[in-house]
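Take a look at the structure below.
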Amino acid sequence: MRLTEQQVRSLYGQDVQDRSGAKIGSVGQVWADAAGEATWVSVQTGTTGRQESMAPLQSAQVRQDNVSLPYDKATVRGAPSVETGTDEPLNAQQLSQLYAHYQLQQPGQRPEGPEVTRSEERLLVGTESEPAGTARLRKHVVTEDVHTTVPVEHDEVRIEREPIAPGDRRARAGIGDEQREIPLRAEHPVTSKEQVPVERVRLAKDEVVEDRPVDDRVRREQVDADVPERARRRR
């Protein structure tokens with residue numbers, strides 16, 4: 001696929017989607033072949049740290065705001081990767097691994113004889129959301145006993161006796177019945193109640209990610225060659 005220089009510059013940072021339209025990541029870097037045509041991009045998936053997965057532009061659809069690849073997400077994320085920010089050209093070994101991973105014919109190479117394509121199933125593991133119940137807040141009234149203390153006062157009476165000195169003119173002598181009173185005071189506990197707000201209670205939810213084992217079966221093809229004994233290569 002031939003891209004203009006402006007299209008190549010616009011690739012950086014664009015979303016990369018798989019064949020179903022799901023986002024895989026974004027374009028990190030672009031590599032060109034010997035003729036200067038953009039042929040490979042690295043995809044920042046956010047799952048491999050400092051590594052970016054490689055993907056071919058050979059059959060990609062370059063749109064205004066995204067790049068659509070004819071592969072599933074697992075294939076792209078499992079592709080050979082390069083270090084983020086590298087400016088090294090792809091070497092022959094890297095290119096060979098990439099063409100083999102995406103089952104593409106490497107330019108300049110021609111099959112020497114009949115060939116078959118070996119296929120295999122790959123397990124695609126995803127997630128789907130389902131209801132898991134309902135959380136509710138309920139408020140109801142309970143009664144509890146409160147035990148506390150409060151200081152109370154009361155008057156106590158004591159008898160004081162003071163001798164009268166001879167010649168004390170303030171004292172008057174007299175014999176007869178007489179009564180004197182002094183009011184007494186005593187406190188007792190009383191209670192009252194008031195309603196006050198003490199806290200706000202709300203429901204909040206957090207998304208927790210956990211690994212859950214998945215077991216399934218996949219099929220793959222094996223290729224056996226039926227070659228006459230005399231035509232077999234001797235090692």
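The values are calculated or read from the model by the stated rules, or taken from the named source; none is laboratory data. Since the model is a prediction, treat every value here as computed from it, not as a measurement. FYI the Cβ positions are ideal-geometry reconstructions off the backbone, even for glycines, and counts take in every protein chain you see. Just so you know, the surface numbers come from the protein's heavy atoms only, side chains and all, with ligands and any DNA or RNA stripped out. Shrake-Rupley method; radii C 1.70, N 1.55, O 1.52, S 1.80 Å.
Descriptive notes on the structure:
- Spin-label zone in the stretch 207-225 - amide nitrogen under 17 Å from a point set 7 Å from the Cα of Ser119 along the C-beta vector: 218-224
- Taking every protein chain into account, the accessible area of the chain amounts to 94 square angstrom per residue (probe 1.4 Å).
- Between Glu37 and Thr134, the simple spin-label model (points 7 angstrom out along Cα→Cβ) gives 6.0 nm.
- Summing Cβ point charges (Lys, Arg +1; Asp, Glu -1) relative to the Cα centre of the stretch 85-235 gives a dipole of roughly 660 debye.
- Those lysines that a straight Cα-Cα span of less than 27 Å connects to Lys193, excepting residues fewer than 8 apart in one chain: Lys139
- Distance cut-off 22 Å, percentage of C-alpha pairs in the stretch 85-162 lying past it: 73
- Split the accessible area of the chain by element, probe 1.4 Å, and carbon with sulfur accounts for 46%.
- Listed values for the stretch 13-27 are Karplus-derived 3J(HN,Hα) couplings in whole Hz (6.51 cos²θ - 1.76 cosθ + 1.60, θ = phi - 60°), namely x, 5, 5, 10, 10, 8, 5, 8, x, 6, 6, 9, x, 9, 5, and x replaces Gly and Pro.
- For the stretch 15-41, backbone nitrogen atoms closer than 17 Å to the point 7 Å from Glu83 Cα along Cα-to-C-beta are found at 29.
- Lys, Arg +1 and Asp, Glu -1 on Cβ, resulting dipole of the stretch 61-116 about Cα centre, debye, nearest 20: 200
- Computed [θ] at 222 nm, helices only, for the chain once each DSSP H run of length n ≥ 4 contributes -39500 (n - 2.57): -2500 deg cm²/dmol
- Comparing Asp224, Asp33, Asp216 in a Gaussian network model of the chain where C-alpha atoms under 10 Å apart are linked, the largest mean-square fluctuation is found at Asp224.
- Other residues within the sphere of radius under 15 Å centred on the Cβ of Val214, judged by their own Cβ, net out at -3 (K and R +1, D and E -1).
- Paramagnetic reach from Ser59 (point 7 Å along Cα→Cβ, amide N under 14 Å) across the stretch 12-38: 18-20
- Fully extended contour minus Cα-Cα distance, from His154 to Ala173, at 0.36 nm per residue: 3.4 nm
- Cα gyration tensor, the stretch 1-132 - rounded (a/c under 1.5), prolate or oblate: oblate
- Of the residues Val41, Gly25, Ser129, the one whose Cα sits farthest towards the positive end of the charge dipole of the chain is Val41 (charges of +1 on Lys and Arg Cβ, -1 on Asp and Glu Cβ, taken about the Cα centre).
- Simple rule: put +1 on each Lys or Arg Cβ and -1 on each Asp or Glu Cβ in the stretch 101-224, find the dipole, and look at Thr191, Gly167, Gly108; the Cα lying farthest toward the positive end is Gly167.
- Summing +1 for each Lys or Arg and -1 for each Asp or Glu among the other residues whose beta-carbon sits under 12 angstrom from that of Ala38 gives -1.
- Net charge, Gly13 excluded, C-beta distance under 15 Å - Lys, Arg +1, Asp, Glu -1: 0
- The residues Leu137, Leu3, sorted by heavy-atom accessible surface at 1.4 Å with ligands and nucleic acids left out, run Leu137, Leu3 from largest to smallest.
- Helix 92-101 and the longest principal axis of the Cα set of the chain meet at an angle near 80°.
- Modelled FRET efficiency - R0 41 Å, Glu5 with Arg230, Cβ distances, 0.05 increments: 0.10
- The structure shown yields Cα Rg over 2.2 N^0.38 Å, and of the options (i) 1.10; (ii) 0.95; (iii) 2.63 that calculated value carries the label (iii).
- Given charges at beta-carbon only (K, R positive; D, E negative), |dipole| of the stretch 14-87 in Debye: 280
- Across the chain, Cα pairs under 8 Å and at least six residues apart give a relative contact order of 14 percent.
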